[in-house]
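J.: Here's a structure for you.
Each value in this text was obtained by applying a stated rule to the coordinates, not by laboratory testing. The shown structure was predicted, so the numbers you read here are calculated from the model rather than taken from an experiment. Cβ sites come from the backbone with ideal geometry, for glycine too, and all protein chains shown count toward neighbours.
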Amino acid sequence: MKGKKGLRRSHGCGLLRQDDVGQEVILMGWVQRRRDHGGLIFIDLRDRSGVVQVVLSPEYHLESFQRGEEVRSEFVLAIKGLVSSRPEGTINPNLGTGDVEVYAQELRILNRSKTPPFYIKEEVNVEENVRLKYRYLDLRRPDMQRNLITRHWAAKAVRDYLSQEGFIEVETPMLTRSTPEGARDFLVPSRQSPGNFYALPQSPQLFKQLLMISGLERYYQIARCFRDEDLRADRQPEFTQIDIEMSFCDQEELLGIMEGMMAQVFAQVMDVELPLPFPRLSYREAMARFGTDKPDLRFGMELVDVSALVAQSEFKVFRSVVEGGGQVKGLNLIGGTSLTRREIDELTGYVAQFGARGLVWLRVTGDGVNSPIAKFLSPREKEDLCNILKAQEGDLLLLVAGPARVVADSLGHLRLHLAEKTGLIPEGKLNFVWIVDFPLLEWDEEEKRYRAMHHPFTSPVEEDLELLQSAPEQVRAQAYDLVLNGVELGGGSMRIYKRELQEKMFATLGITAAEAREKFGFLLEAFEYGTPPHGGIAFGFDRLVMLLTGSENIRDVLAFPKTTSGTCLLTGAPATVEERQLRDLHLKNI
RNA sequence: GGAGCUGUAGUGUAGCGGUGAACAUGCCGGCCUGUCAAGCCGGAGAUCGCGGGUUCAAAUCCCGUCAGCUCCGCCA
């Protein structure tokens with residue numbers, strides 16, 4: 001009676017309902033739990049669809065009952081049995097299948113199991129390294145399965161939508177060449193070309209542009225990308241992008257199609273109807289009001305520029321910062337006077353990591369404004385500050401002075417930090433926003449040169465072209481990011497499609513003509529054979545799934561993620577290799 | 001590269017200079033016919049991450065190191 005010969009699964013455990021009562025079913029799954037009452041055994045049998053209670057009764061079927069005594073957690077069973085209504089008073093309202101149970105007429109142990117290192121159930125309270133080492137067990141848990149299933153449905157919704165809009169899925173090489181700019185590449189040594197290396201793609205950027213030159217017109221790919229940089233809660237060294245490119249479109253058309261895609265994904269996966277079109281903010285406005293280019297619009301607490309109000313202040317720090325071309329900005333934590341001195345001191349430490357030299361606070365109380373700098377502020381200044389920050393009794397004003405970049409960084413992060421700390425972020429809101437009109441370039445102080453803010457293939461806004469030489473930092477890009485609840489979901493641009501402009505762009509970035517020819521010669525040459533105007537976008541698919549599943553960590557939406565230090569605790573990767581393998585690759589350890 | 005938090009039976013935690021390292025759960029055995037976190041009785045299970053130092057004495061204090069996590073830098 002061992003083996004599964006002759007039995008075929010007829011139902012999913014978790015799907016059985018009152019309607020199925022009287023049916024003979026064959027279930028296969030794992031033992032979630034066994035409750036042995038001596039004369040009666042209950043087994044919670046789990047498969048992907050859920051859990052159902054199996055009853056082993058010596059009166060109903062003695063052999064199954066006897067075999068059930070050796071069953072343990074995570075054994076794999078086949079059960080043939082009769083679906084029955086549960087007796088009065090034994091219904092379990094916490095279980096989808098709680099109205100019914102299955103009386104076993106046959107029990108086969110398809111496989112045994114060692115006692116698992118942790119209990120396989122919905123919520124888990126186990127250290128991450130244990131979960132990662134036994135990932136195959138962690139993935140048995142219903143909430144992890146739910147995440148992977150949601151991921152599947154999201155990918156399907158994307159494919160359905162793009163296919164219906166005429167986009168063609170094309171695979172591009174994983175073994176390609178290293179390019180300057182951008183993240184550190186993962187390199188793959190070549191056996192056949194001694195001393196040469198492939199690089200794993202950071203994104204299929206150049207290939208998708210070449211596909212436009214090839215006349216594909218509309219391309220997409222759910223593409224694995226690789227970046228050899230340090231990890232974060234939402235960053236893994238390999239991750240997945242929804243990569244999209246289209247010809248003969250302008251920015252407006254592209255954004256519209258992408259909004260449609262998001263709407264379809266959220267409709268199909270979450271059954272949520274997104275209001276279209278999404279609002280837009282210019283990069284400049286986002287930075288001014290939120291201190292970041294990925295603002296979380298689920299709550300207010302916006303940054304307010306008070307530089308003009310305090311320019312003449314007795315408080316020397318403010319005056320000198322404004323005179324030196326810096327800014328003084330603030331935000332209003334409504335009801336924030338309840339924060340203790342200690343908590344406020346912690347905030348000072350928090351903004352320090354973004355370069356803020358200090359954090360000025362003003363408590364608005366019934367007796368006026370209470371602040372360490374109160375004596376330096378005229379009554380007029382205090383009143384103006386309260387007015388412009390819309391402060392009322394009980395509010396706490398927090399000000400940072402410094403270079404614009406530092407002020408934005410500090411207050412932008414502080415805004416989020418405070419919102420999280422004080423529970424200001426409403427649940428269930430989906431605030432999409434397009435950020436547009438990015439600068440084309442940003443100055444790299446370390447390397448003393450301009451860097452492409454998006455990437456070197458991004459087209460400038462046409463009216464700004466003439467500024468490229470005279471005032472490069474003022475040139476706007478035809479680039480855009482989609483932000484949801486403060487998470488950068490994706491970004492893209494309209495591309496340069498003329499050789500001359502691309503060469504000019506490389507020159508502006510300090511890439512020599514020789515280097516451009518060597519690294520990107522194929523692209524420049526391709527531009528000369530009738531390149532259509534085109535543009536595209538790429539979305540971080542893992543982050544999208546995080547938002548769809550409410551996951552706080554990217555590991556929870558990946559089947560086999562890496563640790564923060566880039567290792568795999570399951571397989572032990574990365575690992576040493578045989579000397580022989582190194583020889584083949586013309587490599588040696590140093 | 002930097003900062004912080006955490007490492008104690010399989011798992012989750014307590015203990016924070018001095019008794020045989022405790023509790024819960026899981027595991028093993030026994031009893032038990034309506035449980036669903038089953039219950040009751042009994043039992044086994046720990047180089048206190050690793051190395052060094054201080055001390056009469058270290059899980060506990062100090063230094064270093066490793067691992068996991070979070071953040072900064074980095075991520076066009």
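J.: I'd like the full set of residues that are in contact (Cβ under 8 Å) with a residue 40 or more places away in the chain, under 34 Å from the mean Cα position of the chain (by Cα) and outside any loop (DSSP other than H, G, I, E, B), limited to region A:507-521. Walk me through how you get there before you give the answer.
T.: Going through region A:507-521, the residues in contact (Cβ under 8 Å) with a residue 40 or more places away in the chain turn out to be A:508-511, A:515, A:519-520.
From what is left, the residues that are under 34 Å from the mean Cα position of the chain (by Cα) are A:508-511, A:519-520.
Of everything in region A:507-521, those that are in contact (Cβ under 8 Å) with a residue 40 or more places away in the chain, under 34 Å from the mean Cα position of the chain (by Cα) and outside any loop (DSSP other than H, G, I, E, B) turn out to be A:Thr508, A:Lys519, A:Phe520.
J.: Counting only residues that are in contact with a Gly (Cβ under 9 Å, 6 or more places away or on another chain), give me the strands (runs of 3 or more DSSP E) lying completely in region A:200-292 with at least 1 of them.
T.: Hits in region A:200-292: A:218-226, A:238-247.
J.: Oh, and also: Any idea how many residues of region A:92-115 are assigned to a strand (DSSP E or B) and surrounded by 13 or more Cβ atoms within 10 Å (Cβ to Cβ)? It would help to see each step written out before you state the result.
T.: Going through region A:92-115, the residues assigned to a strand (DSSP E or B) turn out to be A:100-111.
Then keep just the ones that are surrounded by 13 or more Cβ atoms within 10 Å (Cβ to Cβ); that gives A:100-110.
Selection size over region A:92-115: 11.
J.: Moving on. Just checking, which of A:Ala516, A:Ala479 is among the small types (Gly, Ala, Ser), within 16 Å of RNA strand B (Cβ to nearest atom), on the phi < 0 side of the Ramachandran plot and touching a His at 6+ places or on another chain (Cβ under 9 Å)?
T.: On the way: A:Ala516 fails: touching a His at 6+ places or on another chain (Cβ under 9 Å).
After applying the criteria, what remains is A:Ala479.
J.: Within region A:116-137, how many residues are touching a helix residue (DSSP H, G or I) at 6+ places or on another chain (Cβ under 7 Å), within 7 Å of RNA strand B (Cβ to nearest atom) and not in a loop (DSSP other than H, G, I, E, B)?
T.: Result for region A:116-137: 0.
J.: Just to be sure I understand the filter: pairs with C-beta atoms under 8 Å, separated by 6 or more residues or on different chains, first member in region A:349-368 and outside any loop (DSSP other than H, G, I, E, B), second member near RNA strand B (Cβ under 10 Å from one of its atoms). Which pairs pass?
T.: Note: pairs meeting the criteria are A:Tyr350/A:His413; A:Tyr350/A:His417; A:Val351/A:His413.
J.: Could you check region A:210-220 and list, in sequence order, the residues that are within 14 Å of RNA strand B (Cβ to nearest atom) and out of contact with any helix residue (DSSP H, G or I) (no Cβ under 7 Å at 6 or more places or on another chain)? Spell out how you get there, then give the answer.
T.: First, the residues of region A:210-220 that are within 14 Å of RNA strand B (Cβ to nearest atom): A:210.
Listed by number, the list is empty, since nothing qualifies.
J.: Taking only pairs six or more apart or across chains, which ones have beta-carbon atoms under 7 Å, a first residue in region A:403-425 that is under 12 Å from A:Leu331 (Cα atoms), and a second residue that is charged (D, E, K, R) and surrounded by 14 or more Cβ atoms within 10 Å (Cβ to Cβ)?
T.: Close Cβ pairs satisfying both conditions: A:Val407/A:Lys329; A:Leu411/A:Lys329; A:Leu416/A:Asp296.
J.: Within region A:3-38, work out how many residues are of a type outside the set (A, V, I, L, M, F, W, C), in contact with an Asp or Glu (Cβ under 9 Å, 6 or more places away or on another chain) and part of a loop (DSSP other than H, G, I, E, B).
T.: Step one: filter region A:3-38 for residues of a type outside the set (A, V, I, L, M, F, W, C), giving A:3-6, A:8-12, A:14, A:17-20, A:22-24, A:29, A:32-38.
Okay, now just the ones that are also in contact with an Asp or Glu (Cβ under 9 Å, 6 or more places away or on another chain), so A:9-12, A:14, A:17-18, A:29, A:32-36.
Restricting the remaining residues to those that are part of a loop (DSSP other than H, G, I, E, B) gives A:9-12, A:17.
Selection size over region A:3-38: 5.
J.: Within region A:217-233, how many residues are crowded, with 18+ Cβ neighbours inside 10 Å and not polar (S, T, N, Q)?
T.: From region A:217-233, those crowded, with 18+ Cβ neighbours inside 10 Å are A:218-221, A:223, A:225-227; that's our starting set.
When the remaining residues are screened for being not polar (S, T, N, Q), the result is A:218-220, A:223, A:225-227.
Count: 7.
J.: Quick one: what pairs do we get from region A:488-499, first residue over 15 Å from A:His455 (Cβ atoms), second basic (Lys, Arg) and crowded, with 21+ Cβ neighbours inside 10 Å, C-beta under 7 Å, 6+ apart or different chains?
T.: A:Leu489/A:Arg543
J.: When only residues in region A:357-380 that are farther than 20 Å from A:Thr422 by Cβ and of a type in the set (A, V, I, L, M) count, which is surrounded by the most Cβ atoms within 10 Å (Cβ to Cβ)?
T.: Filtering region A:357-380 for residues that are farther than 20 Å from A:Thr422 by Cβ and of a type in the set (A, V, I, L, M), the one surrounded by the most Cβ atoms within 10 Å (Cβ to Cβ) comes out as A:Leu377.
J.: List pairs: first in region A:369-386 and over 14 Å from A:Phe318 (Cβ atoms) and touching a residue at least 12 places away in the same chain (Cβ under 8 Å), second in a helix (DSSP H, G or I) and basic (Lys, Arg), Cβ under 7 Å, 6+ apart or cross-chain?
T.: These pairs meet every condition: A:Val369/A:Lys382.
J.: Looking only at region A:547-570, how many residues end up being more than 7 Å from RNA strand B (Cβ to nearest atom), out of contact with any strand residue (DSSP E or B) (no Cβ under 8 Å at 6 or more places or on another chain) and part of a helix (DSSP H, G or I)?
T.: Looking only at that region, the number is 4.
J.: Return a yes/no flag: does region A:470-487 have any residue that is assigned to a helix (DSSP H, G or I), in contact with a Gly (Cβ under 6 Å, 6 or more places away or on another chain) and of a type in the set (Gly, Ala, Ser).
T.: no
J.: Okay, moving on. Looking only at residues that are assigned to a loop (DSSP other than H, G, I, E, B) and near RNA strand B (Cβ under 9 Å from one of its atoms) in region A:39-53, which one is farthest from A:Asp99 (Cα to Cα)?
T.: Let us first name the residues in region A:39-53 that are assigned to a loop (DSSP other than H, G, I, E, B), namely A:39-40, A:48-49.
Imposing the further condition that a residue be near RNA strand B (Cβ under 9 Å from one of its atoms) reduces the set to A:39-40.
Numbers: A:Gly39: 22, A:Leu40: 19 Å.
Step by step, filter region A:39-53, then rank; the result is A:Gly39.
J.: So in region A:54-91, with the set limited to residues that are farther than 21 Å from A:Asn111 by Cβ and in a strand (DSSP E or B), which one is nearest to RNA strand B (Cβ to nearest atom)?
T.: Among those that are farther than 21 Å from A:Asn111 by Cβ and in a strand (DSSP E or B), it is A:Val55.
J.: Pairs under 8 Å by beta carbon, first residue among the basic types (Lys, Arg) in region A:58-85, partner within 9 Å of RNA strand B (Cβ to nearest atom), six or more apart or different chains?
T.: The qualifying pairs are A:Arg72/A:Arg34; A:Arg72/A:Thr115.
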